[in-house]
Amino acid sequence: LFFSGLTATEKKLAEYKCNTNEAIQLKLVRFPEDLEDENTTFNPEYSHQVFGDDEVAFGYKGLKILLYYIAGNLSTLFRIEYTSRVNEKFDCVEADDVESKIREIIPPGFCTNTDDFVSLLEKEVNFKPFGMLLHTYSIHNEEAGEDITYQIYKADMTCPGFREYHERLQTFLMWFIETASFIDVDDERWNYFLVFEKYNKDGATLFATVGYMTVYNYYVYPDKTRPRVSQMLILPPFQGEGHGAQLLETVHRYYMSSPTVLDITAEDPSENYVKLRDFVLVKLCQDLVCFSPVKLMQGFSQEMVTEAQQKLKINKQHTRRVYEILRLRATNMGDAEQSRSYRLDVKRRLIGPYKKKQRELAKMRRCLRPEEMTNQLNQIDLNLQREQLEESFQQLVSDYRRVLERLAQA
């Protein structure tokens, strides 16, 4: 009897678990009617940094965590709604304190009711982007049936209001970057690059936040810096429209004009970021003399490294990838000789880490095992290595082809 009672309680408590990725509802609001429009709502990809690895909030039925932002200056509405909540008196369990978990990551000064939020929305017409305009571009929008204009700005903490705005903006990192962290804004080596959309409301031009990138300027002895891309986020309603490529290219061009910059790197880049970077760097490099088809066929050269670094601030490792992508474009893979030459060239680079591992293993085994054992093991290793190498090569070529397809459409 005792056990059946337990499962009934467990069943009941299970009904009070909510997936926080679904419970959190985000919005970027331009017009009062956006508040009621479900199409303007989007959800986090991640909430484990706030709600733990299982991404669950306990103690509520029908939990909704509303985080609505005014599209430009990101003034925030934060409200929690639910249909019922466990009661400590009867259920002997306590509901999670969802509010304090959210308060930890959103800055103070948010609205808690819709009327206050809507009255702030009316002042949005006064919001202007921060900092210095670097680049303007437009993208044709099918839905609106017109071209929409976007602008990229470089800002810093001396811009009035930017510090508070950045605090609101960075909260999005928690929901969309798997290992996000907030940066130390008092460190002056940070640069901030922001993307805005221009839109019309009652005859006025307003600005909406699209995304941003933070870059840290590392010092390189004696008198250079090496900017390192730290975090980059295009907000979900704008993803897949090409803003990431515009932003990264603009940032590269900004640093290219500086004689003290050595080259640009990235901190722990995601797969998506690497694909984006491949596209942008290949686009920048394809017209350099050192990447002409004739030179590509002669192999990777110091000339490529030097020219890409001096003119475009691209480091050696990234230049090598650019070379492999452009060489693939210049190679007729249907021609056995050309295809074999390309394959060997790329695999020679890929095998580097394997060879190092091989040497280390051999050293270990000399100490540990009889001679004939080693040879057999090396043989097994080599077969496995060939398979892995082939797999890595095929994966690279398919990634490279996607970059080339995107380039052809650009």
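Identify all residues within region 38-77 that are in a helix (DSSP H, G or I) and either in contact with a strand residue (DSSP E or B) (Cβ under 8 Å, 6 or more places away or on another chain) or closer than 16 Å to Trp175 by Cβ (or both); write none if there are none. Before you say what the answer is, go through the steps one by one.
Looking only at region 38-77, we keep the residues that are in a helix (DSSP H, G or I), and these are 38-40, 48-51.
Thr40, His48, Gln49, Val50, Phe51, listed by residue number.
If you take the residues in region 83-118 that are within 23 Å of Asn43 (Cβ to Cβ) and of a type in the set (Phe, Trp, Tyr), which one is surrounded by the fewest Cβ atoms within 10 Å (Cβ to Cβ)? Within region 83-118, the match that is surrounded by the fewest Cβ atoms within 10 Å (Cβ to Cβ) is Phe110. Could you tell me how many of the residues in region 78-119 are part of a helix (DSSP H, G or I) and either over 30 Å from the mean Cα position of the chain (by Cα) or assigned by the TED database to the domain that holds Thr205 (or both)? Residues in region 78-119 being part of a helix (DSSP H, G or I) and either over 30 Å from the mean Cα position of the chain (by Cα) or assigned by the TED database to the domain that holds Thr205 (or both): 9 in total. A single member of Gln170, Gln151 is open to solvent by less than 40 Å² (accessible area, probe 1.4 Å) and more than 27 Å from His48 (Cβ to Cβ), and it is Gln151.
Of His135, His140, all but one fail to be farther than 21 Å from Met213 by Cβ, open to solvent by 40 Å² or more (accessible area, probe 1.4 Å) and either among the small types (Gly, Ala, Ser) or under 26 Å from the mean Cα position of the chain (by Cα) (or both); the exception is His140.
Given Asn43, Asn73, Asn39, which one is open to solvent by less than 60 Å² (accessible area, probe 1.4 Å) and either within 30 Å of Gly161 (Cα to Cα) or not assigned by the TED database to the domain that holds His166 (or both)? On inspection, the qualifying residue turns out to be Asn73.
Whenever a residue of region 218-241 is in the same structural domain as Glu45 (by the TED database), it has no partner that is buried (at least 19 other Cβ atoms within 10 Å of the Cβ) and not polar (S, T, N, Q) lying with C-beta atoms less than 7 angstrom away and at least six residues away or across chains. Would you call Pro269 open to solvent by 70 Å² or more (accessible area, probe 1.4 Å) and part of a loop (DSSP other than H, G, I, E, B)? Criteria not met by Pro269. Considering only region 127-147, state which residues are among the polar types (S, T, N, Q) and at pLDDT 95 or above. Hits for region 127-147 are Thr136, Ser138.
Here is a check on your reading of the model: is Leu276 at pLDDT 95 or above, assigned to a strand (DSSP E or B) and either of a type outside the set (Gly, Ala, Ser) or farther than 30 Å from Tyr199 by Cα (or both)? No, not satisfied.
Of all residues in region 107-154, which are within 27 Å of Met174 (Cβ to Cβ) and of a type in the set (Asp, Glu)? If the condition is that a residue be within 27 Å of Met174 (Cβ to Cβ) and of a type in the set (Asp, Glu), then Asp116, Glu124 are the ones that fit. Taken together, the criteria exclude Glu324 from residues that are open to solvent by 30 Å² or more (accessible area, probe 1.4 Å), under 25 Å from Gln394 (Cα atoms), in a helix (DSSP H, G or I) and acidic (Asp, Glu). Apart from one condition, Glu390 fits all of (1) open to solvent by 90 Å² or more (accessible area, probe 1.4 Å); (2) charged (D, E, K, R); (3) modelled with pLDDT of 70 or more; the exception is (1). Taking (1) farther than 26 Å from Val210 by Cα; (2) among the aliphatic types (A, V, I, L, M); (3) surrounded by fewer than 18 Cβ atoms within 10 Å (Cβ to Cβ) in turn, Ile80 satisfies each apart from (1).
The values are calculated or read from the model by the stated rules, or taken from the named source; none is laboratory data. These figures come from a predicted structure and were not determined experimentally. With ideal geometry, Cβ positions are generated from the backbone for all residues, glycine too; neighbour counts draw on all protein chains shown. Please note that ligands, DNA and RNA were not included when accessible areas were found on the heavy atoms of the full protein model with its side chains. Shrake-Rupley method; radii C 1.70, N 1.55, O 1.52, S 1.80 Å.
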